[in-house]
Amino acid sequence: MKNTFFLFLCFFASVANGFSQERADFNIVPLPVSCVMGSKSMPVSQIKYIYYDDNEDMRRVANFLSEYLAPYFSDTIQPVLISGGKKGRADAVSLRFNKMMQNPEEYQLIVDKKGVIIEGLTAQAVFYGVQTLRKALPVGTSAKNVEIPFVQIADCPRFPYRGMHLDVARHFFDVDFVKQYIDMMVLHNMNTFHWHLTEDQGWRMQVDRFPLLTEVGAWRNRTVIGRNTGLYEYNRYGGFYTKEQMREIVKYAADRFITVIPEIDMPGHMEAALAAYPSLGCTGGPYEVEPNWGVFDDILCAGKEETFSFLEGVLDEVMEIFPSEYIHIGGDESPRIRWKECPLCQKRIKDEGLKQTGKRSPEDLLQGYFTKRIEKYIHQHGRKIIGWDELLECNVEPSATIMSWRGPEGGLAASELGHDVIMTPTSSFYFDYYQTKESEWSHPLLIGGYLPLDKTYNTEPAPSTLSEEAKKHIIGVQANLWTEYIGAPELAEYQVLPRMAALAEVQWMQPEAKDFEAFKVRAKRLMTFYDALGWKYCTEAWRTDNH
Ligand code: TNX
């Protein structure tokens, strides 16, 4: 009896002392650069206000923080947002500009007796500090039960370009899902959404000047079953985004400090456009919005002036909707066969004096001509181009930023040549590949490949073999989600999570700070957020026999 009473007393004392309290845990994904813990802590319930420096962007960040905190205060009074305010109050989170900071994405987060202060040169930097605070709090509890330990965090990303790509052309994803994808990027501190809008199998962007692109090109009448079996499903499949919807996405992303880079893939992967406007092809068609997956011979004719006025018209509307510095013009997988046989393409080759140089065929150089012409147009509008690494075989200008996909080699060589480079090799960042080794029958049918989590995690995008100069040209890292075999939003989520967490640490952290075993612990905690947000993820990615 005495014993029971003693236990009861202990329990009572621990509740009163807050021993049963949960603590915020700054062991988050991506791990901050430096984190110095103090011995004391502050109860979350002490937060009565969110002060923010008077600025529109900062107000938005304060609003996001208020949204993230709301569930913790659902049983009490919500913190009040106040513009301005004194620096550091014990009962507040203060979001402030700090002009002393160098990098526009660097922030500092301090928790001490003066409450929580998050500072950065820009509102974007403060936004990442807010993400850190958000991820440190335990999911699904009340402010009364959480303490934030005193801490001093200084944090800054390694790469300025931290991207995720989504192919909405092989399969279409609606506006709500695209927004959710952006939310997923936010949780992983990413800042660039590469939106792959056009393909052989569907054109997804409304263009006023060329209405058939969506009237015809956005719909396919049949889709192959499985991996190019020759068997088809005869359902009309497709969809597209109106200009208004694309603007909505651009704003939704910008509000979260994410730039949307649109891709209009040219001159290959253009069959949907050819089906709409057959005169843009070398043979004149007829063409079909492609029902199979793969690489197709019919591409845009590089001999016709009409092709260029078409592309300029499309790009005018692209640039009107998307304010991004970069426009992605694709450039991958363009077979030469039509150009070899097309009198107009051959005339262009002759007129431009394009002659075989080393391994480069006249048709390779014709793609170089094509790309330079488009690049010039885009430059005239104050923008820059990004293209896939095939462009390196076409003699393009060093001003073109290269996305290295067929392996790291292309990107590494390009960086030595002075191109800016974004690393996205299949071997590390193709999230359409399998995450587990299990026999395929137990899995959804995917494109194939095997890309386990640790492979993504342990990738070094700028290896020490590169010259110091070339290293500076590796501006970022991205993962791609191609969707030939990914038709459902849930499967898209499953394919990218938790690999996005591994990618986030490659993008954000300094290489020497990375550690896969420690990451696993952090990422498992991050999964409590995936669960709370209702996002599917691959749990088998954690099985020890999978590495
Ligand atoms: C290659 S990456 C492609 C895509 C496919 C993908 C499938 C690139 C520039 N081209 O068209 O969807 O492989 O993994």
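The values are calculated or read from the model by the stated rules, or taken from the named source; none is laboratory data. Computed from a prediction, not measured in an experiment: that's the story for all the values here. No Cβ is skipped: glycine too gets one built from the backbone with ideal geometry, and neighbour counts run over all protein chains shown. With ligands, DNA and RNA removed, areas are computed over all heavy atoms of the protein, side chains included. Shrake-Rupley method; radii C 1.70, N 1.55, O 1.52, S 1.80 Å.
Given the conditions (1) over 21 Å from S334 (Cα atoms); (2) within 15 Å of the ligand (Cβ to nearest atom), report the number of the one that A400 does not fulfil.
(1)
Could you tell me whether any residue of the range 227-245 is in contact with a strand residue (DSSP E or B) (Cβ under 7 Å, 6 or more places away or on another chain), aromatic (F, W, Y) and open to solvent by less than 10 Å² (accessible area, probe 1.4 Å)?
yes
Have a look at D265, D297 and point out the one that is open to solvent by less than 10 Å² (accessible area, probe 1.4 Å) and among the acidic types (D, E).
D265
Under 6 Å by Cβ, and 6 or more places apart or on different chains, what pairs join a residue from the range 223-241 that is closer than 29 Å to Q206 by Cβ with one that is of a type in the set (V, I, T) and open to solvent by 60 Å² or more (accessible area, probe 1.4 Å)?
Partner pairs satisfying both residue conditions: E233/I225.
Whether any residue in the range 193-212 is free of Cβ contacts under 8 Å to residues at least 40 places away in the same chain and within 16 Å of the ligand (Cβ to nearest atom) is what I want to check.
Yes, the range 193-212 has at least one match.
Which condition does I327 not pass, out of (1) free of Cβ contacts under 8 Å to residues at least 60 places away in the same chain; (2) within 16 Å of the ligand (Cβ to nearest atom); (3) open to solvent by less than 30 Å² (accessible area, probe 1.4 Å); (4) not charged (D, E, K, R), if it passes all the others?
Every listed condition holds for I327 apart from (1).
Being open to solvent by 10 Å² or more (accessible area, probe 1.4 Å), in contact (Cβ under 8 Å) with a residue 40 or more places away in the chain and not polar (S, T, N, Q) is the filter here; which residues of the range 120-134 pass it?
Listed by number, the list holds a single entry, R134.
For the range 467-511, enumerate the residues that are open to solvent by 10 Å² or more (accessible area, probe 1.4 Å) and either within 16 Å of the ligand (Cβ to nearest atom) or at pLDDT below 95 (or both).
The answer is W482, E484, Y485, G487, L491.
Residues of the range 379-393 being more than 14 Å from the ligand (Cβ to nearest atom) and buried (at least 20 other Cβ atoms within 10 Å of the Cβ), which ones?
The answer is I385, and nothing else.
State which residue pairs qualify: first residue within 21 Å of G238 (Cβ to Cβ) and inside the range 172-192, second residue of a type in the set (D, E, K, R) and surrounded by fewer than 19 Cβ atoms within 10 Å (Cβ to Cβ) in any location, beta carbons under 8 Å apart, and separation of 6 or more residues or different chains.
Qualifying pairs under 8 Å: V175/E248.
Give the number of residues within the range 437-461 that are more than 11 Å from the ligand (Cβ to nearest atom) and open to solvent by 10 Å² or more (accessible area, probe 1.4 Å).
16
Before we move on, is K304 farther than 21 Å from W482 by Cβ and open to solvent by 30 Å² or more (accessible area, probe 1.4 Å)?
yes
For E215, indicate whether it is acidic (D, E) and touching a Pro at 6+ places or on another chain (Cβ under 6 Å).
no
Just the residues that are out of contact with any strand residue (DSSP E or B) (no Cβ under 7 Å at 6 or more places or on another chain) and either among the aromatic types (F, W, Y) or in a strand (DSSP E or B) (or both), please, taken from the range 125-154.
Residue satisfying the conditions is F127 alone.
What are the residues in the range 205-216 that are under 14 Å from I321 (Cα atoms) and open to solvent by less than 50 Å² (accessible area, probe 1.4 Å), if any?
Selection gives M205, V207.
Take D298 and tell me if it is under 16 Å from G387 (Cβ atoms), within 16 Å of the ligand (Cβ to nearest atom) and of a type outside the set (V, I, T).
No; evaluated as a whole, the condition is false for this residue.
Among (1) free of Cβ contacts under 8 Å to residues at least 12 places away in the same chain; (2) surrounded by 14 or more Cβ atoms within 10 Å (Cβ to Cβ), where does G534 come up short?
Of (1) free of Cβ contacts under 8 Å to residues at least 12 places away in the same chain; (2) surrounded by 14 or more Cβ atoms within 10 Å (Cβ to Cβ), only one is false for G534: (2).
Every residue in the range 403-414 that is of a type in the set (A, V, I, L, M) and within 15 Å of the ligand (Cβ to nearest atom), please.
Passing the criteria: M403, A414.
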